[in-house]
Structures are given as C-alpha cells and as structure tokens.
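Single-structure report; data block below.
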Amino acid sequence: MATTTVRGLVLPARLTSLIERGLWQHPGDAVLAEAVPWFEDPLAFVRDPEQMMHASRSLDMFADDPHSGFFGVGRGSRSDGPLDLPWLDADQAVLIAITRDPGDDGALALDYRTDPSDPRVVGTDFWTDETDPCRWRVVAPAFSVFAERLGLGL
C-alpha cells in the first residue's frame, strides 16, 4: 500500500486501504446518525484523495478570511497560542465528508493535532449551541475507531 498525502498530510493507512479496495463508502444515514448524533444534515463521503484535496480548499478560504470566524477554522501557525477544539486548524486537517446539500456547510474532518498516523475525526456542530454558530466536536478519538464504528472494511 502506497503512502497517500493530501495537503501534505499522510492519510491514515486504514483510510488508504479502504479507498484502494473500494470500501470507503457511506454506510447509510442511520449508521452515520449513530456515530454523529448531533449532525442534522445528510453527509456524503469524499471518495478519494483528489476530491479530499478539492473539498479541503474551503478550509484555507475560511482560515485566511479574517471575517469568517463563523466557521471555526483558523491556522495554528498564525495563532498566539495553541489552536484546539472547538476550532479546527486548517493546516492540520483534511475533509473526509461534506454535506450532501450545497450550502449546508457541515463537514467531517481528520484532525491531525492528536496523532499524525491515526488522527481523530471531528465534525461541525451548528445545532446544539445557539450562542456559538459553528464549533468542531470530536466524532471519534481516531480514524480507526470511526471506521470500526461504521463497520467499514470488516
């Protein structure tokens, strides 16, 4: 299995294996709702590294716009201190799922701040705290745990 990078970040070996074997597929809305119970909008998996690169460009747009704090995306490399949840560090993230309906703006991401070989999975939360328009929350402590919860590649 070849090492695959997106945005200079090495995709987890399990994700690369799932993609190569054609098993990185949406498990169904009911299964995903159990893994991400607060997420109200339907999600679509970003199917391959090229599409992950394309989808993740939005992180750069949000991080580089000084007026887009609404989406909770910044850059740790430009922060005065550590950038941690509920913020997402655009330099340390890759989107792996996005909302199916354009304009809903939700996503799931690999967050490499915890482990570069098996990053945690985080998701946007627009729904549970009306005082904070968008925050990022932990979906799973590692991608391998996320894949196992969804029954992917078993």
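What the table below lists for this structure:
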| read-out | value |
| --- | --- |
| Kirkwood hydrodynamic radius (C-alpha pairs) into Stokes-Einstein, region 1-99, 25 °C and 0.890 mPa s, D in µm²/s | 165 |
| The chain, relative contact order in percent, only Cα pairs under 8 angstrom and at least six apart counted | 24 |
| Rg ratio (alpha-carbon, reference 2.2 N^0.38 Å) - region 111-154 | 1.35 |
| Packing-based ranking, highest mean first, of 73-80, 93-100, 146-153 given that Cβ atoms within 10 Å are counted | 93-100, 146-153, 73-80 |
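Computed from the coordinates by the stated procedures, all read-outs in this text should not be read as laboratory data. Quantities reported herein were computed from a predicted structural model and do not represent experimental measurements. Heads up, the Cβs are rebuilt from the backbone with ideal geometry, glycines too, and the neighbour counts pull from every protein chain shown.
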